[in-house]
Amino acid sequence: MQDQITRIRAEAAAEIGGIRDGEHLEQFRIRYLARKGSIASLFDGLKAVPPAEKPALGKALNELRAFVQDLYDTRAQELAAGRGPASALDLTLPGRRQFSGTKHPLTQTLDEIKAIFVSMGFTIADGPEIEDDFHNFGALNFPPDHPARDMQDTFFIGKDVLLRTHTSPVQVRVMEQYPPPIRIIAPGKVYRNEAINARSYCMFHQVEGLCVDRGVTFSELKGTLITFIKQFYGSSLKYKFRPTFFPFTEPSADIYITCFLCNGKGCRVCKNGGWLEILGCGMVDPNVFRDLGYDAEKYTGYAFGMGIERIALLRYGIDDIRLFFENDIRFLGQFARQ
């Protein structure tokens, strides 16, 4: 019987290397490991073996069964994983294309904006997306009856807890922690309780900026933002400042640029007006400084803010903000950069 054990061991080891599919592997299992296989037959033959030889032969049979079972299991794993001997490769098959990921268009836009402001000496600040009423509204000179406090605009989690509606609370927290001079931008997600359609979404991204120091003027604000506009959109564009109102800045302004798609001639994107609004800005209201412990007689500052989705929509001529959040590879693949 020992000779039979040695022979079956050698046959199984030689046979397993040539198995290239599941059908032949199953035949291998039936031949050696099934109830009526050759190894089971040897176990049945132990009945006729003298008692003195049974322990040694039984041990040898158990080792044989474990050896063949290991051959079978290893080959089964290789076939399941698509691996096999080199001779099993079909060299006529076409190669598999390698797909590489790319940054989301909003991330690309945000990275460009951050790089421009960092080059002008701004640092990047961050803050929580779940805010309290004081940091989101009160410290920014919002009166108690301001429309932005209404449930139609804000996601309230509790009585005085909400999802931030802008990244201005980051500016408040920075001023609470650090004395002037301050020169920061605050990018991040913000939330508004708005109906989702082609032009609005319940979650979007903003970049807001703050500069506080002695002698900061509106001229410096204009120079900073004009520099940004020329670097981001190109030096040939025209721009204009238009007076507006924000609770936390005075005076306040919106900035318009000539439509870069039609060069100011009028098109669908600019609604045939030739101008596009890109951001809001203004000088920080002295009331904000006083509420945060800054000396409004000693320090002045400016703030600005822009929506990343709006800038990306205008820059790429996209007409539906929802496309940014649908994860459609056909859409995102158009913004791949080599």
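None of the figures in this text is laboratory data; all of them are computed from the coordinates on show. Only a predicted model underlies this, so the values are computations on that prediction, with no experimental measurement involved. Every residue, glycine among them, receives a Cβ derived from its backbone with ideal geometry; neighbour counts consider all protein chains shown.
With label points built 7 Å along Cα→Cβ from the Cα atoms of residue 161 and residue 245, find their separation and express it in nm.
If labels sit at residue 161 and residue 245, their model points lie 3.3 nm apart.
Which value, in debye to the nearest 20, describes the size of the charge dipole of the chain about its Cα centre when Lys and Arg Cβ atoms bear +1, Asp and Glu Cβ atoms bear -1, and nothing else is charged? Intermediate values should be presented prior to the final figure.
On the way: 41 positive and 41 negative charges, 250 e Å.
Dipole size: approximately 1200 debye.
When Rg is the radius of gyration of the Cα atoms in region 2-86 and Rh is its Kirkwood radius, what does Rg/Rh come to? Mind dumping the intermediate values first?
Working: Rg = 14.3 Å, Rh = 13.7 Å.
For region 2-86, the value is 1.04.
For the residues 132, 285, what sequence is obtained by ranking on other C-beta atoms within 10 Å, fewest first?
Working: 132 17, 285 21.
Fewest to most other Cβ atoms nearby, the residues stand as 132, 285.
Quick one: if you stick a label point 7 Å off each Cα along the C-beta vector at residue 226 and residue 36, how many nm between them?
Inter-label distance under the simple model: 9.6 nm.
Could you tell me which Cys residues in the chain have no other cysteine's Cβ under 4.7 Å from their own Cβ, answering none if every one has a partner?
If one checks each Cβ against the other cysteines of the chain, 202, 211, 281 turn up with nothing under 4.7 Å.
Any number yet on Rg/Rh for region 153-225, C-alpha, Kirkwood? Write down the numbers at each step before the final one.
Numbers: Rg = 15.3 Å, Rh = 14.3 Å.
Rg/Rh for region 153-225 comes to 1.07.
Pick out, from 76, 235, 125, the residue whose Cα sits farthest towards the positive end of the charge dipole of the chain, with +1 on the Cβ of Lys and Arg and -1 on the Cβ of Asp and Glu.
76
On average, how much area does the Cα convex hull of region 291-338 cover when viewed from any direction, in nm²? Could the numbers behind the result be given before it?
Details: hull surface 26.5 nm².
Reported value for the Cα convex hull: 6.6 nm².
Using each residue's phi in region 296-307, evaluate 6.51 cos²θ - 1.76 cosθ + 1.60 at θ = phi - 60° and report the 3J(HN,Hα) Karplus result to the nearest Hz, with x for Gly and Pro.
Taking θ as phi minus 60°, the curve returns 5, 7, 9, 10, 10, x, 10, 9, 8, x, 8, x Hz for region 296-307.
Can you classify region 228-330 as rounded, prolate or oblate using the Cα gyration tensor, where a ≥ b ≥ c are the square roots of its eigenvalues, rounded means a/c under 1.5, and otherwise it's prolate if a/b beats b/c and oblate if not? Intermediate results must be reported in sequence, preceding the final value.
Working: a/c = 2.85, a/b = 1.79, b/c = 1.59.
The shape class here is prolate.
Over all directions, average the projected area of the Cα convex hull of region 120-261 and note it in nm². Numbers along the way, then the final one.
Numbers: hull surface 39.4 nm².
If I average the Cα hull's projected area over directions, I get 9.9 nm².
At a Förster radius of 22 Å, what calculated FRET efficiency corresponds to the Cβ-Cβ distance of residue 27 and residue 1, to the nearest 0.05? Show your work: numbers first, answer last.
Details: r = 25 Å, r/R0 = 1.12.
Efficiency computed from Cβ-Cβ geometry: 0.35.
For region 92-147, what Kirkwood radius comes out of the mean inverse Cα-Cα distance, in Å?
On the way: mean 1/r = 0.0617 Å⁻¹.
About 16.2 Å for region 92-147.
Return 47, 240, 230 ranked ascending by Cβ neighbour count within 10 Å, so the fewest neighbours appear first.
Details: 47 7, 240 11, 230 15.
Ascending number of Cβ neighbours within 10 Å: 47, 240, 230.
Using amide H atoms built in the peptide plane, which far-off residues or other-chain residues are under 5 Å from residue 120 H to H?
For residue 120, whose amide H was placed from the backbone, there are no distant partners under 5 Å.
Assuming R0 = 41 Å, what is the FRET efficiency of residue 277 and residue 98, from their Cβ-Cβ distance, to the nearest 0.05?
Values: r = 42 Å, r/R0 = 1.03.
Calculated transfer efficiency: 0.45.
Computed from these coordinates, which is Rg and Dmax of the Cα atoms in Å: [x] 19.4, 62; [y] 19.2, 71; [z] 35.9, 110?
It is the value labelled [z].
For the pair residue 297 and residue 203, how long in nm is the line joining their label points, each one 7 Å along Cα→Cβ?
4.7 nm
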